[in-house]
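I am attaching a structure below and will ask some questions about it afterwards.
Derivation of every value follows stated rules applied to the coordinates shown; laboratory data play no part. Remember, predicted model here, so these are calculated numbers, not experimental data. Here the Cβ positions follow ideal geometry from the backbone for every residue, glycine too, while neighbour counts run over all protein chains shown.
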Amino acid sequence: MSRITVLRLGHRIKRDKRVTMHAALVARAYGANEIIITGDRDDDLIRRIESVTEKWGGSFSARFEDNWRGVIRRFKEAGAVVIHLTMYGMNLPDVIDEVRRIWREGRSLLVIIGSEKVPREAYDLADYNIAVGNQPHSEIAALATFLDWLHEGKEFKKEFSNARLKIIPSPKGKRVVAAGGDGSLK
Ligand SMILES: C[S@@+](CC[C@H](N)C(=O)[O-])C[C@H]1O[C@@H](n2cnc3c(N)ncnc32)[C@H](O)[C@@H]1O
């Protein structure tokens with residue numbers, strides 16, 4: 001089955017605590033299967049991501065790896081398509097049809113997001129360097145937009161199995177209920 005993995009490059013424990021956490025939350029909520037984090041090893045961050053999955057369901061996972069080049073190489077060897085989100089790339093509207101076609105044909109995707117400066121080599125290793133508009137903004141915004149365009153909004157209908165908590169959409173206020181193991185309401 002084709003999967004979506006997000007590769008977060010160059011996590012810095014002090015500066016990126018919230019940004020990397022938010023990238024992981026977006027990856028999970030917008031239909032990716034896992035996030036791999038490189039840079040500073042941050043076990044507390046991995047635990048916090050896992051605890052979101054335990055509470056809100058689904059099978060999203062997070063792990064740390066030392067060698068980002070090795071991750072890209074392994075994914076390429078396994079047949080995945082490597083997409084690097086960067087403001088210098090081809091603009092999303094011009095390439096999304098091709099990426100969607102490849103994804104629907106059953107290829108897995110490795111979606112790379114950077115932090116400060118992404119090494120030149122990442123641009124060369126990527127099959128696609130894609131810009132979410134050719135202006136600088138944020139890896140969280142770029143990831144959310146890319147995944148939303150890929151799924152054309154269908155990610156928001158996704159059910160997360162084994163959730164302990166579930167939100168009942170409400171026009172006002174907060175309705176959160178305990179959920180059964182299958183995601184049904186208790
Ligand atoms: C602080 S930005 C650094 C901007 C960087 N010079 C670049 O290549 O996009 C950190 C990350 O946000 C993402 N990013 C920022 N703006 C983007 C854009 N317009 N399109 C796609 N990704 C973007 C990239 O993944 C980048 O590595």
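I'd like the FRET efficiency for Arg104 and His137, computed as 1/(1 + (r/R0)^6) with the beta carbon distance as r and R0 of 22 Å, rounded to 0.05.
0.20
Still on this model: With each pseudo-label sitting 7 Å past Cα toward Cβ, what's the Asp124-Asp40 distance in nm, one decimal?
For Asp124 paired with Asp40, the spin-label model returns 3.0 nm.
Grab the beta carbon distance between Val176 and Glu50, set R0 = 22 Å, and tell me the FRET efficiency rounded to 0.05. Each step should come with its number before you reach the end.
Working: r = 20 Å, r/R0 = 0.91.
It comes to 0.65.
What ranking, highest mean first, results for peptides 61-74, 140-153 when packing means the other Cβ atoms within 10 Å averaged over each residue? Don't skip to the end; give the middle numbers.
Working: 61-74: 15.0, 140-153: 18.0.
Highest-to-lowest ranking by the protection proxy: 140-153, 61-74.
Let me ask another. With r defined as the distance between the Cβ atoms of Met90 and Arg15 and R0 fixed at 30 Å, what FRET efficiency is calculated, to the nearest 0.05? Please report the intermediate quantities before stating the final value.
On the way: r = 29 Å, r/R0 = 0.96.
Computed FRET efficiency for Met90 and Arg15: 0.55.
Here's a follow-up. Whose amide H sits under 5 Å from the amide H of Gly10, counting only residues 5 or more places off or on another chain, with H placed in the peptide plane?
Thr38, Gly39
Pulled fully out, how much extra length does the chain show between Ser61 and Ser161, if you take 0.36 nm times their separation in residues and subtract their Cα-Cα distance? Write down the numbers at each step before the final one.
Working: separation 100, 0.36 × 100 = 36.00 nm, distance 1.38 nm.
Computed gain between Ser61 and Ser161 is 34.6 nm.
For Gly79, what charge total do you get from the other residues with a beta carbon under 13 Å from its beta carbon, if Lys and Arg give +1 and Asp and Glu give -1?
Summing Lys and Arg as +1 and Asp and Glu as -1 gives +2.
Can you tell me how segment 63-129 classifies by the Cα gyration tensor, rounded, prolate or oblate, using a/c under 1.5 as the rounded cut? Mind showing how you got there, number by number?
Working: a/c = 2.21, a/b = 1.19, b/c = 1.86.
It is oblate, given that a/c is not under 1.5 and a/b is not larger than b/c.
When each pair of different Cα atoms in segment 4-159 is counted once in the 1/r mean, what is the Kirkwood radius in angstroms, to one decimal? Mind showing how you got there, number by number?
Working: mean 1/r = 0.0643 Å⁻¹.
For segment 4-159, the Kirkwood estimate is 15.5 Å.
Let me know the shape class of segment 7-80, please: from the alpha-carbon gyration tensor, a ≥ b ≥ c as square roots of the eigenvalues, rounded when a/c is under 1.5, otherwise prolate if a/b is greater than b/c, or oblate. Working shown, then result.
Details: a/c = 2.06, a/b = 1.18, b/c = 1.74.
In terms of gyration-tensor shape, oblate.
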